[in-house]
Amino acid sequence: MLAAHQITTFLPRFTAATVEAPKPRRIAASVSGLSKQFRNTPVLKDINFDIAEGETLVLLGASGSGKTTILRIIAGLEHPDTGRVILHGRDVTDLPARERGVGVIFQSYALFPNMTVEQNIGYGLKIRRRNRKEIRETVDRLLELVRLTEHRRKYPSQLSGGQQQRVAIARTLAYQPEVVLFDEPFGALDAQTRTRLRSEIRALLR
Amino acid sequence: MSAAVSTIRHVQGFDVVRPLSIGTLIVLMLPLVFLPLASIFIFGTGKGLPRFWSALTAPEAIFALKLSIATSFWATVFNVLFGLFAAYVLSRYSFWGRNALIVTISLPTAIPTAVAGFALLLLWGPYGTLGRLLAPRGIQIMFTGGAIILANIFVTFPLAFGVMKAVFDTMNHSLEEASATIGATRWQTFWHVTLPSLRGAIVTGALLTFARAVGEFGSTILVSGNLAGRTQTAPLYIFAKFNEGQIEAANAIAIVLALLSFLIFSVLFFVRDRMEAK
């Protein structure tokens, strides 16, 4: 179980390592008094933290400690037993996932297997009924950004783990979410790819 | 040492079990499946193709085939749509009585088809629980094409549902969650993400349902009234002609039904292979 004191123990280390602008900034995401239990087993207890705009926060904890549950609650995929989730000053605790403007990169990438790389990336714009030209331009730009232009017509099963993750990132960036959540993004990758992608993701998110 | 011996025997190769197993399989299947099927074709065309053709194109035979295909088609449409809905609800939501509903939907596979037909008669027949209320309004469901569709729906109910529920149960939920976080409505997620994953199951379920419905006999004979040229399906036609001693007429339709089944299961194999290859 991840308790409040564990989070605060870890936070200063990560904020110190990842904060890029020193000036005081607006709060992008705030979590207060978050608790959750599954079948009478407490998983989260009174979790509180704020993340400023442009800031990167890393949650560390043992397997099963509740890291994913926190992300799922912020994304709207789980409802907390107690506590609130505030995104850019708006209380989204009771909003469904699709209305939160949050992007999630899942541990398994969750790419749609029946769609090509470009269809995956353009999905967020397609369901927002953007015109074809705009979708095409955004997809082209993102494919270039994640260096997958030559793989645009391939299906996810034809890509390596690192390529799949870059598609997942591009798919999330396409609809410009206000907050991006990564759930163990390097879990399934080898050490070399992991190191390369870590710096790539930092560069992309800038 | 023993491992080395077994490797040598394997490499050198005459494995007596292999031909013995294949031979036993074929010998067992010969009287059980191959010969009965072959005899339909041998007897059906034994007196020449013109006789076979005239038996096949008799108006009552054509009607029976058309009725079978039409009623099976509508039962398939209903059961695929309903099966999709039922599989979605029973796979996605946990609620009190869920297991009882799953057992009930799956029950028709275990019920004798004659019992199914009898049950439908007791409900919709002129003196049945609901039929009695409809009869004064001039609505009669039993002994019509509608009754055959109802019987087909009842008997084939679990087929499409079973295939689709298995896919729903093993589906990767993070795909639907990803779609939701991207901003898709529930309907958009279903249409763009869930449904494409079910394509193979829908085709398989539809073909299984249709194949089973086309050959349905036990329930149909009770609810249709078996009226030649009105409510007589192809299997009932075979039975009726056999009873009248018109073996050639029965045989002609039997060949068509056998070929139809062969075609359906060939498509089924092809679809399954393609889906697995993906």
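FYI, it's all coordinate maths here, none of it is from the lab. Please read these numbers as outputs of a predicted model, since none were measured by experiment. Here Cβ is always computed from backbone atoms with ideal geometry, including for glycine, and neighbour counts include all displayed protein chains.
Worth pointing out:
- The helix-based estimate of mean residue ellipticity at 222 nm for chain B, built from -39,500 (n - 2.57) per DSSP H run of four or more residues and divided by its residue count, is -23500 deg cm²/dmol to the nearest 500.
- Compared with the dominant principal axis of the Cα atoms in chain A, helix A:4-18 is inclined by about 40°.
- Residue order, fewest to most surrounding Cβ atoms within 10 angstrom, among A:49, B:95: B:95, A:49
- Counting Cβ atoms of other protein chains within 10 Å of each Cβ in B:184-191 and taking the mean gives 3.
- Most fluctuating residue given options A:138, A:195, A:69, as computed from a GNM of chain A linking Cα atoms under 10 Å: A:195
- Each residue of the stretch B:98-103 was assigned a 3J(HN,Hα) from its phi angle through the Karplus curve 6.51 cos²θ - 1.76 cosθ + 1.60 (θ = phi - 60°); the sequence is 4, 5, 4, 5, 4, 5 Hz, with glycine and proline shown as x.
- Axis of helix A:132-145 versus longest Cα principal axis of chain A: the two differ by about 70°, to the nearest ten degrees.
- Cβ charges +1 (Lys, Arg) and -1 (Asp, Glu), total dipole of chain A, debye: 560
- Cα shape, the stretch B:48-277, gyration tensor, a/c 1.5 rule: oblate
- A dipole drawn for the stretch B:48-277 from +1 and -1 charges on Cβ atoms has a positive end, and of B:255, B:50, B:178 the residue lying farthest that way is B:178.
- Chain B, relative contact order in percent, only Cα pairs under 8 angstrom and at least six apart counted: 28
- Theoretical FRET efficiency, 1/(1+(r/R0)^6), r = Cβ-Cβ of residue B:227 and residue B:187, R0 56 Å, to 0.05: 0.80
- Converting phi to 3J(HN,Hα) with the Karplus coefficients 6.51, -1.76 and 1.60 and the offset θ = phi - 60°, the stretch B:67-84 yields 5, 4, 5, 5, 5, 5, 4, 5, 5, 5, 4, 5, 5, 6, 5, 5, x, 4 Hz in sequence order, with x at every glycine or proline.
- Ranked by how many other Cβ atoms sit within 10 Å of their own Cβ, fewest first, the residues A:133, B:165 fall in the order A:133, B:165.
- Peptide A:101-109 shows a mean partner chain C-beta count of 3 within 10 Å per residue C-beta.
- Ranked B:88, B:237, B:127, A:109, criterion: other C-beta atoms within 10 Å, fewest first: B:127, B:88, A:109, B:237
- Once C-alpha pairs closer than 8 Å and six or more residues apart are averaged by separation and normalised to the residue number of chain A, the relative contact order reads 20 percent.
- Of A:86, B:245, A:37, farthest towards positive along the dipole that unit charges on Lys, Arg, Asp, Glu beta carbons give the protein assembly as shown: A:86
- DSSP beta bridge pairing in chain A, given as percent antiparallel to the nearest 5: 70
- Net charge over other residues, Cβ less than 12 angstrom from the Cβ of residue B:168 (K, R count +1; D, E count -1): 0
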